[in-house]
1. Is region 169-188 home to any residue that is without any contact (Cβ under 8 Å) to a residue 24 or more places away in the chain and β-branched (Val, Ile, Thr)?
2. Mind listing just one residue for me: the one in region 72-98 that is in contact with a Lys or Arg (Cβ under 9 Å, 6 or more places away or on another chain) and buried (at least 23 other Cβ atoms within 10 Å of the Cβ) and, of those, nearest to Thr111 (Cα to Cα)?
3. With within 23 Å of Gly41 (Cα to Cα) and at pLDDT 95 or above as the only criterion, which of Gly295, Gly246 stands out?
4. Hey, Leu85 hits all of (1) over 17 Å from the mean Cα position of the chain (by Cα); (2) under 21 Å from Asp242 (Cα atoms); (3) hydrophobic (A, V, I, L, M, F, W, C) but one; which does it fall short on?
5. Quick one: count up the residues across region 140-191 that are within 21 Å of Tyr225 (Cα to Cα), in a strand (DSSP E or B) and within 20 Å of the chain's Cα centre (by Cα).
6. In region 208-218, is there at least one residue being under 19 Å from Asn278 (Cα atoms) and in contact with a Pro (Cβ under 9 Å, 6 or more places away or on another chain)?
7. Hey, any hits in region 94-103 for a residue that's closer than 22 Å to Phe243 by Cβ, assigned to a loop (DSSP other than H, G, I, E, B) and touching an Asp or Glu at 6+ places or on another chain (Cβ under 8 Å)?
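The values are calculated or read from the model by the stated rules, or taken from the named source; none is laboratory data. These figures come from a predicted structure and were not determined experimentally. Cβ coordinates were reconstructed from backbone atoms using ideal geometry, including for glycine residues, and neighbour counts include every protein chain displayed.
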Amino acid sequence: MYKTTMVSLVVIAFMMSMCGCSSDKSPTAPGTPKWRTMTSGTSENLFAVWGISSSDVFVVGQAGTIRHYNGTTWGSMTSGTTEALLGIWGSSASDVVAVGGNGTILHYDGTSWTPMTSGTTNYLNGVWGSSASDVFAVGLNGTILHYNGTSWSPMTSATPGNGFDGVWGSSANDVFVMAEDGIRHYNGTSWSTMTSGTTDPFGGVWGSSGSDVIAVGYNGTILHYDGTSWTPMTSGTTNYLDFVWGSSGTDVFAVGSNGTILHYDGTSWTPMTSGTTNWVNCVWGSSGSDIYAVGDLGTMLHYGR
C-alpha cells in the first residue's frame with residue numbers, strides 16, 4: 001500500500017467518521033516521557049512532518065494542508081495548492097521542499113511557498129536531500145527526480161516497479177529508495193536493485209549511517225542493513241508500518257496503521273501507547289525527547305516530558 005492509495009482510503013474514512021484531537025498538552029509537561037495529543041487545528045489527513053528545531057516544525061497533508069509549529073502553537077500556512085502533500089524535507093529554515101499529488105513540488109524560502117516545475121504528473125510520495133543542491137523526490141511509476149539547486153530532472157531507476165515511497169540517504173553517494181517490489185540503491189552514479197529477502201511492499205527508510213539503515217513496510221516488516229546485506233527484525237506486529245525515524249541507532253521509532261508506534265532501543269522493538277487508533281503516517285523529532293507524529297483526521301502527537 002502506498003500513500004497515494006492511502007489518500008483514497010483515508011478520504012473514505014474521513015467521510016465515515018469525523019473526529020478531532022483532544023485538548024492540547026504541553027510538550028514540556030513534567031513527568032515520564034510519553035505520547036500526548038496535540039491540537040493540530042485541522043481534520044485533514046496529515047501525511048508528513050519535518051523540522052529544523054523544536055520551534056520550527058512543518059506538517060503537510062490532504063488538500064494542500066501545511067501547518068507550522070513555532071514552539072507554542074500550530075498555525076496554517078498558505079500552500080497555493082489543493083493537491084495532497086505527501087512528503088517534506090529541507091536543508092534549512094529558508095529552504096524547505098514539499099511534494100505530492102500530480103507531480104506537485106513546492107518550495108519555502110522562509111517567507112512563502114511557491115510552486116516548482118517537476119516535469120511530471122505522477123504522484124510524489126517522498127523527498128530527501130544531502131544538501132540544498134542535491135535533493136531526491138520519488139513517486140509512482142518508478143519516478144525519481146533529482147534537484148541540482150537549479151532545476152528538477154528525471155533519473156533512470158533500476159527496475160522501476162509500480163512506484164516508490166520512502167527515500168533517505170547517508171550521503172549524496174549512498175541513497176536508498178523503498179518500492180512495492182524491493183529496495184533501490186544509488187551509489188552516486190547509477191541505481192541498482194538490492195536483495196531484501198521479502199516480497200512485502202516497503203514504506204519508509206531511515207538510518208544512523210550507511211551501515212545502520214532500517215526499512216519498514218507491509219505486515220509489520222522491518223529490515224536492517226549493515227552495509228552489506230538486509231536482514232529481518234522482529235517487529236511484534238502485523239500492522240502496516242509507514243515511516244521510521246530515529247535520534248540514533250539505539251533510539252528509533254516506527255509508525256503505521258491502527259495507531260501503531262514501535263520503539264527500538266538497539267536490541268528489540270516494543271510497542272508504545274499512542275492514544276489513537278488512527279493511521280499514523282510519519283514521525284520526526286528534533287531530539288530523542290522532542291518527537292512529533294502525524295496521521296489521519298488531523299492526528300498530531302508529541303513525545304516528550
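1. There is no residue in region 169-188 that is without any contact (Cβ under 8 Å) to a residue 24 or more places away in the chain and β-branched (Val, Ile, Thr).
2. Result: Gly87.
3. Of the residues listed, the single one that is within 23 Å of Gly41 (Cα to Cα) and at pLDDT 95 or above is Gly295.
4. Unmet condition: (1).
5. So the count comes out to 19.
6. yes
7. Scanning region 94-103, I find no residue that is closer than 22 Å to Phe243 by Cβ, assigned to a loop (DSSP other than H, G, I, E, B) and touching an Asp or Glu at 6+ places or on another chain (Cβ under 8 Å), so the answer is no.
Yes/no matrix, rows are residues, columns are (1) in contact with a helix residue (DSSP H, G or I) (Cβ under 7 Å, 6 or more places away or on another chain); (2) closer than 17 Å to Asn281 by Cα; (3) of a type in the set (A, V, I, L, M); (4) modelled with pLDDT under 95:
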residue: Thr198; (1), (2), (3), (4): no, no, no, yes
residue: Gly204; (1), (2), (3), (4): no, yes, no, no
residue: Gly207; (1), (2), (3), (4): no, no, no, no
residue: Ala215; (1), (2), (3), (4): no, yes, yes, no
residue: Gly220; (1), (2), (3), (4): no, yes, no, no
residue: Met233; (1), (2), (3), (4): no, no, yes, no
